[in-house]
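Novice: Input: one structure, supplied below.
The values are calculated or read from the model by the stated rules, or taken from the named source; none is laboratory data. Keep in mind the model is a prediction, meaning the values are calculated, not measured. Ideal geometry is used to build each Cβ from the backbone, glycine not excepted, and the neighbour counts take in all protein chains shown.
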């Protein structure tokens, strides 16, 4: 059910670029919930099989220029939550502060709640016959905490809990380039991601070389420009190893033109980008007039 936009509500901001897969957040959630019942909020999490906060991995790039990135995922506490619609007898509710709670008593036997979540964020407790998910540490926030356990323990500042009115949250979203997972679902999540492109978009990369006295050397400092339909969409400078990468490209986005220029010459290439990132190989600058 849509919430009153004039009331402050909880949102979580997750910065993908800061996550190094240390899994302190993953362990903090387990430490908080395994073996601990919080009546009205959540029954104890099983010792095995449930990951209310999990870490997804994505290899960004293509060999030999590859980087691994990691993204914490959890219940999105959606404003238009499919789990609420699927539940019977008010087993799932949306609090005025934006947090979604699956009632550990009312939800017994309602496995359809698990199936309703398009993000796979709800787990089924076979022993207790209840659906369970991350509760945004509502039991701690209600006691005056201002951070979740995951945020509190994170050494790299991946998480940021903010309780603001929707207008302010939309301003933050615009200012910081925040995105939600699968916005096309229309569920209106309250978990926002910064640098989500590291998980969802492609990069193109390559190595630039130059002939120096018959020896192939790395071409550092060369200018690389990427265009699509004549419009510049990315720019980079080769590093000390002659390597470059240009990111934030949509998968299956079609044909691109790449141009590399440096003191030793230039190189141009046209290529198509499919579903995955591409390494364009070694590009050898050829003498010629710069454009």
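Novice: What strands (runs of 3 or more DSSP E) completely inside region 1-77 contain at least 3 residues that are assigned by TED's automatic domain parsing to the domain that holds residue 158 and surrounded by fewer than 17 Cβ atoms within 10 Å (Cβ to Cβ)?
Specialist: Qualifying strands (runs of 3 or more DSSP E): 54-62, 65-73.
Novice: For region 1-25, enumerate the residues that are at pLDDT 95 or above, more than 20 Å from residue 174 (Cα to Cα) and out of contact with any helix residue (DSSP H, G or I) (no Cβ under 8 Å at 6 or more places or on another chain).
Specialist: Correct list: 19, 20, 21, 22, 23.
For every residue, the table says whether it meets (1) under 27 Å from the mean Cα position of the chain (by Cα); (2) assigned by TED's automatic domain parsing to the domain that holds residue 64.
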residue	(1), (2)
184	yes, yes
194	yes, yes
208	no, no
219	no, no
224	no, no
255	yes, no
258	no, no
263	no, no
266	no, no
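Novice: For residue 65, state whether it is farther than 25 Å from residue 180 by Cα and in contact (Cβ under 8 Å) with a residue 12 or more places away in the chain.
Specialist: Spelling it out, residue 65 is indeed farther than 25 Å from residue 180 by Cα and in contact (Cβ under 8 Å) with a residue 12 or more places away in the chain.
Novice: Follow-up. How about region 250-267: which of its residues are farther than 22 Å from residue 207 by Cβ and outside any strand (DSSP E or B)?
Specialist: 250, 251, 252, 253
Novice: Still on this structure, please answer the following. Pairs please, first residue from region 262-277 and under 17 Å from residue 235 (Cβ atoms), second anywhere and outside any strand (DSSP E or B), Cβ atoms under 6 Å, 6+ apart in sequence or on different chains.
Specialist: Cβ pairs passing all conditions: 262/219; 262/222; 262/285; 266/288; 267/285; 273/253.
Novice: For residue 146, indicate whether it is within 25 Å of the chain's Cα centre (by Cα), under 22 Å from residue 67 (Cβ atoms) and outside any strand (DSSP E or B).
Specialist: When the stated conditions are applied, residue 146 does not pass them.
Novice: While we're looking at this one, here's another question. With (1) out of contact with any helix residue (DSSP H, G or I) (no Cβ under 8 Å at 6 or more places or on another chain); (2) under 30 Å from residue 156 (Cα atoms) as the list, and residue 104 as the residue in question, which single condition is left unmet?
Specialist: (2)
Novice: Additional query: Please go through region 201-228 and give me each residue that is out of contact with any strand residue (DSSP E or B) (no Cβ under 8 Å at 6 or more places or on another chain) and surrounded by 15 or more Cβ atoms within 10 Å (Cβ to Cβ), ordered by number.
Specialist: 220
Novice: Inspect region 179-192 for any residue being buried (at least 20 other Cβ atoms within 10 Å of the Cβ), assigned to a strand (DSSP E or B) and in contact (Cβ under 8 Å) with a residue 40 or more places away in the chain and give the result as yes or no.
Specialist: Yes: one or more hits.
Here is a yes/no grid of residues against (1) at pLDDT 95 or above; (2) buried (at least 20 other Cβ atoms within 10 Å of the Cβ); (3) in a helix (DSSP H, G or I):
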residue	(1), (2), (3)
105	yes, no, no
120	yes, no, no
127	yes, no, no
136	yes, yes, no
171	yes, no, yes
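Novice: If you don't mind, there's one more thing I want to ask. Tell me the residue from 167, 151, 175 that is crowded, with 20+ Cβ neighbours inside 10 Å and outside any loop (DSSP other than H, G, I, E, B), please.
Specialist: Being crowded, with 20+ Cβ neighbours inside 10 Å and outside any loop (DSSP other than H, G, I, E, B) holds for just one of 167, 151, 175, which is 151.
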